[in-house]
Amino acid sequence: MIYIVTNEEAKQADIDTIKRGTPSLELMERAGRGIFEILQKRIEKNKKILIIAGLGGNGGDGFVLGRYLFEDNYDVSIYPLDGKENEERKINRELYKGKITDKIDNYDYYIDAIFGIGLQRKISEPIYSLISKINNYPGYKVAIDIPSGINGTTGEIMTIAFKADLVITIQNVKIGMLQEEAKKYYKELEVLDVAIHADDESNFKIYNKN
């Protein structure tokens, strides 16, 4: 069952799943591997791929994805944001053996792994300019979980948001993505089931794609 959830409900589902015995690293692995399997069907091997990896869980998902792409001989590079990273992102950054770059132009595919639903502040420099430039580059654009810059609960644009051709959202659809302003920032939405479930989902609204 796919539900429509707020940021808080999505986070609680993560917490409940971890408490039941699935480590957060395993959930990150499932997310990155699942996104890889979706993109495998869409991306040709001779295309250049750039993953922009933030410092939290979304960036960790990006590094897992990058590892799978690299190991399957895709031409992938990761542009990592600098700063204090969480432990899961650090572990997966160290496991990734592909290319690291500080260049963001001339790619065929751009994958947004900058911010997930944890973003609670307005986006400022230098991330504002980074997203702005990528939005204006040609190339197919994919967002992991939610386009960076959209508030997953309210749909508010936090000064700027990544403009995605495809969003691969993890487990459930965030209610903010269904607001009219937010819907301007993506064309297609696909849901990836990684077996994250809250202990109590009785009040969740069911997502009907149509």
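Could you look through region 125-147, keep only residues that are assigned to a loop (DSSP other than H, G, I, E, B) and either over 20 Å from E181 (Cβ atoms) or charged (D, E, K, R) (or both), and pick out the one that is nearest to the chain's Cα centre (by Cα)? Explain how you work it out, then say what you get.
Within region 125-147, the subset assigned to a loop (DSSP other than H, G, I, E, B) is 125-126, 137-139, 145-147.
Pick out the ones that are also either over 20 Å from E181 (Cβ atoms) or charged (D, E, K, R) (or both) and you get 125-126, 137-139, 145.
Values: E125: 20, P126: 19, Y137: 19, P138: 20, G139: 17, D145: 4 Å.
So, considering only residues that are assigned to a loop (DSSP other than H, G, I, E, B) and either over 20 Å from E181 (Cβ atoms) or charged (D, E, K, R) (or both), the one nearest to the chain's Cα centre (by Cα) is D145.
Residues of region 101-126 being under 19 Å from G83 (Cβ atoms), modelled with pLDDT of 95 or more, of a type outside the set (D, E, K, R) and surrounded by 19 or more Cβ atoms within 10 Å (Cβ to Cβ), which ones?
Within region 101-126, A113, I114, F115, I123 qualify.
I'm trying to understand the selection: among the residues of region 148-182, which are outside any loop (DSSP other than H, G, I, E, B), in contact with a Gly (Cβ under 8 Å, 6 or more places away or on another chain) and surrounded by fewer than 18 Cβ atoms within 10 Å (Cβ to Cβ)?
L178 - this is the single residue of region 148-182 that is outside any loop (DSSP other than H, G, I, E, B), in contact with a Gly (Cβ under 8 Å, 6 or more places away or on another chain) and surrounded by fewer than 18 Cβ atoms within 10 Å (Cβ to Cβ).
Going by what's in this entry, would D82 be described as closer than 22 Å to G32 by Cα and in a strand (DSSP E or B)? Before you say what the answer is, go through the steps one by one.
Numbers: closer than 22 Å to G32 by Cα: yes; in a strand (DSSP E or B): no.
It is false that D82 is closer than 22 Å to G32 by Cα and in a strand (DSSP E or B).
Within region 30-72, can you find the residues that are in contact (Cβ under 8 Å) with a residue 60 or more places away in the chain, closer than 17 Å to G98 by Cβ and not in a helix (DSSP H, G or I)?
I43, K47, K48, I49, L50, I51, I52, A53
Say whether the condition of being over 26 Å from I134 (Cα atoms) and modelled with pLDDT of 95 or more is met by at least one residue in region 58-65. Before you say what the answer is, go through the steps one by one.
So in region 58-65, the residues over 26 Å from I134 (Cα atoms) come out as none.
No, there is no match, as no residue in region 58-65 is over 26 Å from I134 (Cα atoms) and modelled with pLDDT of 95 or more.
Against the definition (over 18 Å from V173 (Cα atoms) and not in a helix (DSSP H, G or I)), how does I4 come out, yes or no?
Working: over 18 Å from V173 (Cα atoms): no; not in a helix (DSSP H, G or I): yes.
So I4 fails the test.
Please indicate, with yes or no, whether at least one residue in region 135-148 is without any contact (Cβ under 8 Å) to a residue 12 or more places away in the chain and under 21 Å from I51 (Cα atoms).
Narrowing region 135-148 to residues without any contact (Cβ under 8 Å) to a residue 12 or more places away in the chain: 136, 138.
Restricting the remaining residues to those that are under 21 Å from I51 (Cα atoms) gives 136, 138.
The answer is yes, given that some residue of region 135-148 is without any contact (Cβ under 8 Å) to a residue 12 or more places away in the chain and under 21 Å from I51 (Cα atoms).
Which residue pairs have Cβ atoms closer than 6 Å, lie 6 or more positions apart in sequence or on different chains, and pair a first residue in region 188-199 that is surrounded by fewer than 18 Cβ atoms within 10 Å (Cβ to Cβ) with a second residue that is in a loop (DSSP other than H, G, I, E, B) and modelled with pLDDT under 95?
Once the first residue is surrounded by fewer than 18 Cβ atoms within 10 Å (Cβ to Cβ) and sits in region 188-199, its partners that are in a loop (DSSP other than H, G, I, E, B) and modelled with pLDDT under 95 give V191/I2.
L81: touching a residue at least 40 places away in the same chain (Cβ under 8 Å), surrounded by fewer than 20 Cβ atoms within 10 Å (Cβ to Cβ) and in contact with a helix residue (DSSP H, G or I) (Cβ under 9 Å, 6 or more places away or on another chain), yes or no? Step through it out loud before you land on a result.
Working: touching a residue at least 40 places away in the same chain (Cβ under 8 Å): yes; surrounded by fewer than 20 Cβ atoms within 10 Å (Cβ to Cβ): yes; in contact with a helix residue (DSSP H, G or I) (Cβ under 9 Å, 6 or more places away or on another chain): yes.
When the stated conditions are applied, L81 passes them.
Scan region 20-41 residue by residue and report those that are modelled with pLDDT of 95 or more and among the basic types (K, R).
Selection gives R20, R30, R33.
The values are calculated or read from the model by the stated rules, or taken from the named source; none is laboratory data. Because the structure is a prediction, the values reported are computed rather than measured. Note: ideal-geometry Cβ built from the backbone for every residue, glycine included; neighbour counts use all protein chains shown.
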